[in-house]
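Before any comments, here is the structure.
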Amino acid sequence: MVDTTRRSFIKSSLLASSAVAVAGKIPFAQARSNTFKIGYVSPQTGPLAAFAEPDRFTLEQVRKAVAGGIMSGGKKFNVEVIYKDSQSSPNQASNAASELILRDRVDLVVASSTPATTNPVADQCEANGVPCITNDTPWQPFFFGRNGDPKVGFDYTYHFFWGLEDVIGSYSNLWGKIPTNKQLGALWPNDEDGNAWGDGQRGFPSVLKDKGFGIVDRGRFQTPINDFSSFISEFRKQDVEIVTGVVTPPDFANFWNQAGQQGFQPKIVTVAKATEFPQAIAAFGPRAEGLTVELMWSPAYPFHSTITGQSARELADSYMIATGKPWTMPLGLKHSLFEVALDVLKRAGSNDPEDIRQALATTNLNTVVGNVNFNKGAGPVPNIAKTPLVSGQWQKRAGKLELVVVENSQAPMVPLEAELLPIKYS
């Protein structure tokens, strides 16, 4: 599955380098033989930019940790990280990965933050024979969204995160904690996440119907979307008391503001992506209190970093002290990407992509987000490792909104921090 054009280009480059060496200059292969290059693609700008909020802090921690180099195969290697912006666009994510591979000649690529980033980056790496690690996308949109075959898997691309079965289980248990009529309104857009979450077989509908929930689904919609009036009208008509979905922060802001203007007052609102970030929910003022969302990482997680030795709580505290901002869920996920990347490179022993791929395939590492195990048979399908998932609610503590764990049926090792409360309307 390796691109023969790239193989030929590398071969010709090495031959040219040998010729240069004869002339007394340092060949390209030797010049980089003592350096591992990691390419990092993240949505620094655009509607997904909230996912990249902790990037600079994470990169600073990583660079500090590898300042003296790392040992691999009995040899010391320098580590260089090259940071690229996906601009929240699948096309740009693909272009960024291509630049990292063909121009920057990276040894390993890491990426995060929804299928719009992870999938095109992984596709480029798979096509070019470059090892790749991704997270922060449910494993089904990553694996099946890239036409993965459960009998075969992929050669170079590995992913760790929870699955739709986990978020469906956590959400449905969450919604059972307070009395409702179990009538649910869905906000599932026409993108990789929305199509996966709303899929009749692998997504929410079939499982929720079996659990006795009624679903009001007006179908997939194009994003960005400014007017949710038709959704709100239908939800009110169908007596919806629970709203769920997976939408970007700007789209949810439009929905929630218009819901307030039109007097729509559901008891529970659990929307992925949009309500994960302190900076996004702060814009809602008092209307942010009581919103719920899945929690893929928080200071309550009982795990430690292999890079810094910090607990999840210590990592969050250090971020808040350094930035003056509240902790944010992607912090643990971004940190864990580099935990796995550095572990792989330490075990690879060389820059050879086959050595790195083999080290990646045999990863079994306890990270700040939980265990990451890519060994054969460890995950639900090849190339996938599952990490714990709980759900949280934005509740007011000491006068400030804080995201606390209120549901842990899928990951009981993560302690509950509070009880679920119905949304209060003034």
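Read-outs: derived from the displayed coordinates by stated rules, not from any lab. Remember, predicted model here, so these are calculated numbers, not experimental data. Ideal geometry is used to build each Cβ from the backbone, glycine not excepted, and the neighbour counts take in all protein chains shown.
Couple of notes before you dig in:
- Extending 7 Å from the Cα toward the beta-carbon at both LYS400 and ASN257 defines two label points whose distance is 2.6 nm.
- With semi-axes defined as the square roots of five times the eigenvalues of the C-alpha gyration tensor, the equivalent ellipsoid of the chain measures 41, 22, 19 Å, largest first.
- Projecting the Cα atoms of PHE374, TRP162, GLY349 onto the charge dipole of the chain, computed from C-beta unit charges around the Cα centre, puts GLY349 farthest toward the positive end.
- All other residues whose Cβ lies under 10 angstrom from that of GLY163 are scored, Lys and Arg at +1 and Asp and Glu at -1, for a net of 0.
- Ranking of SER318, SER305 by neighbouring Cβ atoms within 10 Å, starting from the fewest: SER318, SER305.
- Across the chain, C-alpha contacts under 8 Å between residues 6 or more apart give a mean separation that, scaled by the residue count, equals a relative contact order of 16 percent.
- If both residues of a DSSP beta bridge must be in the chain, then about 35% of such bridges are antiparallel.
- Applying both filters, DSSP loop and at most 15 other Cβ atoms within 10 Å, to the trypsin sites (Lys or Arg not before Pro) of the range 355-394 gives LYS376.
- The string of couplings for the range 279-287 from the Karplus curve (6.51, -1.76, 1.60, θ = phi - 60°) is 5, 6, 6, 4, 5, 8, x, x, 6 Hz, one whole number per residue in order, with x for Gly and Pro.
- Residue among LYS182, LYS151, LYS325 with the largest mean-square fluctuation in a Gaussian network model of the chain, springs linking Cα atoms under 10 Å: LYS151
- Computed lengthening from SER409 to LYS376, 0.36 nm per intervening residue step minus Cα-Cα distance: 9.2 nm
- Label-point separation, GLN201 to ALA283 (7 Å along Cα→Cβ), nm: 3.7
- Comparing ASN128, ASN119, ASN226 in a Gaussian network model of the chain where C-alpha atoms under 10 Å apart are linked, the largest mean-square fluctuation is found at ASN226.
- Using Cβ point charges alone (K and R +1, D and E -1), the dipole size of the range 59-113 about the Cα centre works out to roughly 240 debye.
- Three principal axis extents describe the C-alpha atoms of the range 234-376; from largest down they are 61, 36, 24 Å.
- Max mean-square fluctuation residue, GNM over the chain, Cα-Cα springs under 10 Å, options GLN238, GLN310, GLN261: GLN261
- Fraction of the pair-distance distribution of the range 180-230 above 14 Å, Cα-Cα pairs, percent: 53
- On Cα atoms only, tilt of 312-323 relative to the major axis of the chain in degrees: 80
- Rounded to the nearest 20 debye, dipole of the chain from Cβ charges on Lys, Arg, Asp, Glu: 600
- For ASP217, ASP343, order by how many other beta-carbon atoms lie within 10 Å, fewest first: ASP217, ASP343
- Dipole axis of the chain (+1 Lys, Arg; -1 Asp, Glu on Cβ), positive-most option in THR363, LEU420, ASN34: ASN34
- R0 of 60 Å, Cβ-Cβ distance GLU234-GLU99: FRET efficiency to nearest 0.05: 0.85
- Hz values of 3J(HN,Hα) by residue in the range 378-390 - Karplus curve (6.51, -1.76, 1.60), Gly and Pro given as x: 7, x, x, 9, x, 6, 10, 10, 9, 10, x, 9, 10
- Inter-part distance where the range 164-242 and the range 265-339 are each reduced to a Cα centre, Å: 23
- This ranking places ILE321, ILE242, ILE423, ILE384 by how few other beta-carbon atoms lie within 10 Å of each, fewest first, which gives ILE321, ILE423, ILE384, ILE242.
- Calculated FRET value between ARG56 and LYS151, using beta carbons and R₀ = 41 Å, to 0.05: 0.50
- Approximating the spin labels as points 7 Å out from Cα along Cα→Cβ, the ASP210-to-ASN226 distance works out to 4.2 nm.
- Note on GLU314 and THR362: the extension gain reaches 14.4 nm, defined as 0.36 nm multiplied by sequence separation minus the Cα-Cα distance.
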